[in-house]
Amino acid sequence: MTTASETTKLFSLPPELILHILTFCHPTDIARFAEVCRSTFDLVCNGNSQFLWREVFLQLYDDPRKAIRPIIHDDDEAFSEPFDWKGALQHRTEAGIVAHHALNAESNKRQRTLKTFVDAVTQALPAPRDSQSRPSLNLQWLDRLLRETQMLTLVQPGWDMVDEHSRLMAYISLTHDSSTDEDSQETLADRRVSSRCFVYDIRNYRQVTHWGPFLPSGSVNWIHIEHLVNVVLTNLRDLPDHWGATTPPLGLVHTQAFTAPGPYSDNDWAGVEGTWRRYVCFMDYRDLFAFNYSNIANGPRNPEFFRDSRFREATRLIEVKLHLVPENQLRFHEPSPDCGQVKTRYPTLYFAGTSRGVTGNEAKVEGSVCIGIDGTVRWTFVSAYGAVHHSSTLWCSKGVQLGGIASAAGIVGSWSTSAHDQGDPVGPFWLWKVPHAHSGPLMDFT
């Protein structure tokens, strides 16, 4: 216990020196120090204490002033106000405590914690464009905390927390689900069935959802994205070893902006140009129709359909090569209505290129990438085989970048036909950038 004489001795030191000493302490220890007496409270909580909170925050987390803000707000003066270092540190510290006691935490605290976690991802320090990637303290902290506490899997989110919960689950991308015990495998199998039911439910692809994983408001539907992630990754786990090793970079650390292979420039802020790999998954159309419209397995849309051991889902690995083009050079891609709805620092980019499967059949690709109304990076592109004419079948894909701009994690989304007729096939895809000289094999697996 600290005595009055010890406190008096401490305050014989200059206040600036005491604050400097406190910068080496954990936030909870600083809070206890502030409770010793009125003088310690005043030193920590009043006056020039923002120096203390800033120094402590920056030792643990990324500098939020350097985070990417893709949207220009009419009220941008708000971003020029002094940052609340103390408040931000309190939110992160409380979030860590709640995560460790998630089962007993109040609902409002869990909700605030999930929002704090999402903010940590969106405020992660971008990797330098012109040098090797620098790890993000935010992402390392969050990945470690969620792995230790298993908060996202232990606690089922309430209706008011589902969006943030699914967003974080999509960012983690099953990297915290490596256990091989029977219970864990059963849980993962149930999640796979649930995700297949959502992804292959044709009702989830309508004009009101912009024919993709979006909400009527135009924001990303993170529940849909989480299910798309689950379907692709659980399918990859079924692949033979020599194919299953080809996966997109997974996990929170790969959601950092500008971690995908470059180069980057002001003209190509999204890192479009270069070589990509794309996984596409799909059901046999007869199975897709049966799941949605027939009474097979007590259907339609009964989860038991996917528990049948005879059910098969195809997975295809494709090579994609892209380059930027002016908008007026697009021949069959119509720019997405998602683009141009917000004032942004990053103009819409237009691209063309080719995609090639294991059989060598080559398709023409055209598309665009832009910033959505919620600040996420949106990719929309169309693929066409052979000569393109009025009656051609065009395959339309809509996806969302996982994490920051040009993240190594890549883009997850859904594909269908550009006609969007009722009953048209649908499925998930995952697109990620690889080094230009990448020569890994392509494949087609059922």
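The values are calculated or read from the model by the stated rules, or taken from the named source; none is laboratory data. In this text, all values refer to a predicted model and were calculated from it rather than measured experimentally. For neighbour counting, all protein chains shown are included, and Cβ atoms are generated from backbone atoms with ideal geometry for every residue, glycine included. Surface accessibility is based on the protein's heavy atoms, side chains included, excluding ligands, DNA and RNA. Shrake-Rupley method; radii C 1.70, N 1.55, O 1.52, S 1.80 Å.
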(request) Residue by residue through segment 236-279, note down the ones that are crowded, with 20+ Cβ neighbours inside 10 Å and assigned to a helix (DSSP H, G or I). (result) Leu236, Leu252, Val253, His254, Thr255
(request) Just need a number here: residues in segment 51-66 that are buried (at least 18 other Cβ atoms within 10 Å of the Cβ), of a type outside the set (Phe, Trp, Tyr) and either under 22 Å from the mean Cα position of the chain (by Cα) or over 20 Å from Leu22 (Cβ atoms) (or both). (result) 2
(request) Name the residue, out of Phe351, Phe311, that is among the aromatic types (Phe, Trp, Tyr), out of contact with any strand residue (DSSP E or B) (no Cβ under 8 Å at 6 or more places or on another chain) and at pLDDT 90 or above. (result) Phe311
(request) From the list Arg378, Arg356, pick out the single residue that is modelled with pLDDT of 90 or more, open to solvent by less than 10 Å² (accessible area, probe 1.4 Å) and of a type outside the set (S, T, N, Q). (result) Arg378
(request) Among the residues of segment 304-338, write down those that are buried (at least 17 other Cβ atoms within 10 Å of the Cβ) and within 30 Å of Asp190 (Cα to Cα). (result) Phe305, Phe306, Glu313, Thr315, Arg316, Leu317, Ile318
(message) Going residue by residue through segment 140-159, is there one that turns out to be farther than 17 Å from Gly96 by Cβ, open to solvent by 60 Å² or more (accessible area, probe 1.4 Å) and of a type in the set (Phe, Trp, Tyr)?
(response) yes
(message) Being more than 25 Å from the chain's Cα centre (by Cα) and either modelled with pLDDT of 85 or more or open to solvent by 10 Å² or more (accessible area, probe 1.4 Å) (or both): is that true of Lys398 here?
(response) no
(request) Any residue in segment 88-105 that's modelled with pLDDT of 90 or more: show its pairings with residues that are in a helix (DSSP H, G or I) and open to solvent by 50 Å² or more (accessible area, probe 1.4 Å) at Cβ separation under 7 Å, as long as the two are six or more apart or on different chains. (result) Val98/Lys109
(message) Against the definition (open to solvent by less than 20 Å² (accessible area, probe 1.4 Å), part of a helix (DSSP H, G or I) and in contact with a helix residue (DSSP H, G or I) (Cβ under 7 Å, 6 or more places away or on another chain)), how does Ala95 come out, yes or no?
(response) yes
(message) Report every pair of residues separated by at least 6 positions or lying on different chains whose Cβ atoms are under 6 Å apart, first residue within segment 198-222 and touching a residue at least 40 places away in the same chain (Cβ under 8 Å) and surrounded by 14 or more Cβ atoms within 10 Å (Cβ to Cβ), second part of a helix (DSSP H, G or I) and of a type in the set (Gly, Ala, Ser).
(response) Trp222/Ser166
(message) Restricting to segment 177-197, and then to whatever is part of a helix (DSSP H, G or I) and either closer than 15 Å to Val412 by Cβ or among the acidic types (Asp, Glu) (or both), can you tell me which residue is least open to solvent (accessible area, probe 1.4 Å)?
(response) Ser195
(request) Could you run through segment 425-446 and say how many residues are in contact with a Leu (Cβ under 7 Å, 6 or more places away or on another chain) and assigned to a strand (DSSP E or B)? (result) 3
(message) Tell me the residue from Leu168, Leu154, Leu174 that is in contact (Cβ under 8 Å) with a residue 24 or more places away in the chain, among the aliphatic types (A, V, I, L, M) and at positive phi, please.
(response) Leu174
(message) Considering only residues that are more than 28 Å from Ala124 (Cβ to Cβ) and part of a strand (DSSP E or B), which ones fall in segment 405-424?
(response) Trp415, Ser416, Thr417
(request) Report yes if Tyr171 is open to solvent by less than 20 Å² (accessible area, probe 1.4 Å), more than 16 Å from the chain's Cα centre (by Cα) and not hydrophobic (A, V, I, L, M, F, W, C), otherwise no. (result) no
(request) Quickly run through segment 100-154 and pick out the residues that are in a loop (DSSP other than H, G, I, E, B) and of a type in the set (Lys, Arg). (result) Arg129, Arg134
(message) Looking only at segment 414-431, how many residues end up being open to solvent by less than 30 Å² (accessible area, probe 1.4 Å) and among the small types (Gly, Ala, Ser)?
(response) 4
(message) Given the options Ser12, Ser39, name the one that is open to solvent by 70 Å² or more (accessible area, probe 1.4 Å), at pLDDT below 90 and either farther than 27 Å from Val342 by Cβ or not in a loop (DSSP other than H, G, I, E, B) (or both).
(response) Ser12
(message) When the residues of segment 432-446 are narrowed to those that are open to solvent by 60 Å² or more (accessible area, probe 1.4 Å) and closer than 19 Å to Gly271 by Cα, which ends up modelled with the highest pLDDT?
(response) Pro435
(message) Exactly one condition in (1) surrounded by fewer than 22 Cβ atoms within 10 Å (Cβ to Cβ); (2) under 30 Å from Gly340 (Cβ atoms) is false for Phe289; which is it?
(response) (2)
